[in-house]
Each structure stands twice: as structure tokens, then as C-alpha cells.
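Read the figures in this text as sums done on the coordinates, not as results from a lab. Just so it is clear, the model here is predicted, and its values are computed rather than measured. As a convention, Cβ positions derive from the backbone with ideal geometry for all residues, glycine included, and neighbour counts pool all protein chains shown.
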Amino acid sequence: MKPIGIFDSGIGGLTVARAVAKSFPEHSIVYFGDTAHLPYGEKSAALIQRYSSRITSELLELGCGAIVVACNSASSNALHQVKELAGDEVPVIDVVTPAVEKVTSLVQSGCQVGVIGTRATISSNWYQQLLHERGFNAHAKATPLLASAIEEGFHNGQVSSALIEAYLGQGEFEECNALILGCTHYPLIAEQIRAFLPDHVMLIDSAKAVAESLMNELGNESLNGDVEMKPPNLQFLVSDLTQSFALGAERFFGAPVQLLERKLQD
Ligand code: DGL
């Protein structure tokens, strides 16, 4: 069976990789963390497209039979480029569409839906556009420091709490029926975000919805092929062997993980 390739700038996409691994226990997963270039949220669309294309080429070279863009910044700025490289044979799943579909299944049209994410995600306007097309009033806000703080290990503590208060403390999402966590790093501080919101605001985390989309897309057999990957089923590639990714991944899985460096051409 061909492996599933998943990428993000850093550890955020691990929240998606975990959901995919749960839904596809038989599959190998190759996770690529672009640690040399994070944070993506502060990059231009052109740079995000360049990095995403290079990673996609790497994953295709490794024989991946599906690509999951486990990063909202890349999904909303580089999906077209990733799909073009992957061609018709290799399905590509983004994280934005499944989150919006999940909202559509849970929230009545006409309601207000909030979304927080990186600058690159929010300024691409893609979430807002998809939400409007489905009849929601979108209220979007960039919360740029959150992903970097989480990447640095500052989650579920005073630093993340102070940042959440600075971004959400004015109560501007209180009228919303749902708030989309529009960055794959944010599920790691979901409980703290929850504490700043009234109970009626549903928190939408796309990780599970992404795994479901992948399931719909792949059916049973489309990953059959001649690329065999032996256990361990989860392989980690990083563009720069950084201590912060190693520590972040170890914290995430509760045990050290083996990282392989794979430089991306600039
Ligand atoms: N986790 C990513 C996202 O969903 C990117 C965070 C970053 O590198 O800025 O947007």
C-alpha cells in the first residue's frame, strides 16, 4: 500500500496526522514538517506556494498515494499548486473545506461563524468566501502569535492564555454559533480557547473531518501500489533538524520520535 503524505510547517499537522493514523491503521504515513521555513503564517502566498510545491514533489518521489495539506496557511494559499503537481492519480485533501463542511452540518445557515488563523490564512479570504457561499456570516480574525508560541512549547500555560486573552478577550466571537480553529496548531490549545468563549459557541477542529474526507476520497483500493513501507508506520521528515520540533513531537506523542532531515532546495 502506498503511504499517505502529510505536511505542515511544524508540529501543528500532527493533530491531523493522529486523526488520519487512527482512521487508516493499515497505512504508512510520511509526515513532513517544514521546520526550515516556519511560520508559514507570516510568509507571502508566493513563498508558501513554493515551499508547498517542493514538499509535494518530495512526497510524490517517496511514492505517496495521497497528500494531506495539514496546514491552513498552505491549504488556503497553495492548494492549486499542490493539486497540479499531484495530478489526477493522487488525491489531495486540504484542511479548510472539511472544516467548513463540518460547520455546515452543525450550524444553521444564516448564523454567524467565527474563524481564527494565521495572517496568511485569514488574508487569503478563502474561509470567508466558503462560509459566505454556504449562507453564513463570517467573522474572521488573524491570531498570528499563537502558532509560534505553540511551536515553542508554550501551550496550555500562562503564555498561551495571555495570547488568547489578547486576541479573544474583547468578546467579539460571543455572537457566533461556532468558531473554526483555522490553524492546525490550535487544537493543542483548544481547552484554553474554550475557556474564553461562552458555552453556545461550538469549537470546530477539522482534524477528524479531514480523516473522513480522506476516507471518502480514497475508498478502499486507490492506495494499492508497489511501494512498501515497513513499520514504524509513521515516518517523520523535517527540512531542518530543530530541537523545537523534536521536543514538540516528543511532547505530542509522549515519547521521543526519530526525525530524518530532508533539505528542501531554496
Ligand atoms: N499550522 C499551520 C496552519 O494551519 C501553520 C502555522 C504557521 O506555520 O504559521 O496554518
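In sequence order, the stretch 248-265 has phi-based couplings of x, 5, 5, 4, 5, 8, x, 7, x, 10, 8, 10, 10, 8, 9, 5, 9, 5 Hz under the Karplus curve 6.51 cos²θ - 1.76 cosθ + 1.60, θ = phi - 60°, and Gly or Pro positions carry x. Here, the chain yields an orientationally averaged convex hull projection of 13.0 nm² when only Cα atoms define the hull.
The mean sequence distance of close C-alpha pairs (under 8 Å, at least 6 residues apart), as a share of the length of the chain, puts its relative contact order at 27 percent.
Helix 14-23 axis versus longest C-alpha principal axis of the chain: approximately 70°, rounded to the nearest ten. The packing ranking of peptides 143-156, 89-102, 248-261, highest mean first, is 89-102, 143-156, 248-261, where packing means the average number of other beta carbon atoms within 10 angstrom of each residue.
Our coupling estimate for the stretch 86-100, obtained by passing each phi through the Karplus curve with A = 6.51, B = -1.76, C = 1.60 and θ = phi - 60°, is 6, x, 6, 7, 10, x, 10, 10, 9, 9, 7, 4, x, 5, 5 Hz, Gly and Pro reported as x. Karplus-derived 3J(HN,Hα) values for the stretch 117-129, using 6.51 cos²θ - 1.76 cosθ + 1.60 with θ = phi - 60°, are x, 6, 4, 4, 5, 5, 6, 5, 6, 5, 4, 4, 5 Hz; glycine and proline are entered as x. Summarising the amide proton neighbourhood of G114: residues at separation of 5 or more, or on other chains, whose placed amide H is nearer than 5 Å comprise H139, N177, A178, L179, I180. By DSSP, the beta bridges lying fully in the stretch 108-204 are antiparallel in about 0 percent of cases. In this simple spin-label approximation, Q158 and A190 carry label points 7 Å from Cα along the Cα→Cβ vector, and these lie 2.8 nm apart. For the stretch 37-113, taking the reciprocal of the average inverse distance between every pair of different Cα atoms yields a Kirkwood hydrodynamic radius of 13.5 Å. The gain in end-to-end length when the Q258 to S23 segment is fully stretched comes to 82.4 nm, 0.36 nm per residue minus the alpha carbon separation.
Legend: calculated FRET efficiency, E101 to A46, from the Cβ-Cβ distance at R0 = 30 Å, rounded to 0.05, equals 0.60. Residue ranges 7-17, 190-200 sort as 7-17, 190-200 when ordered by packing (mean number of other C-beta atoms within 10 Å per residue, highest first). Amide H to amide H distances under 5 Å link S28 with I4, where only residues 5 or more positions off or on other chains count and H is placed in the peptide plane.
Separation of the stretch 182-204 and the stretch 14-56 by C-alpha centroid, Å? Spelled out, the Cα-based centre of one part sits 22 Å from the other.
Taking amide H positions as modeled 1.01 Å from N, with prolines and chain starts lacking one, the residues under 5 Å from A66 and 5 or more places away or on another chain are G5.
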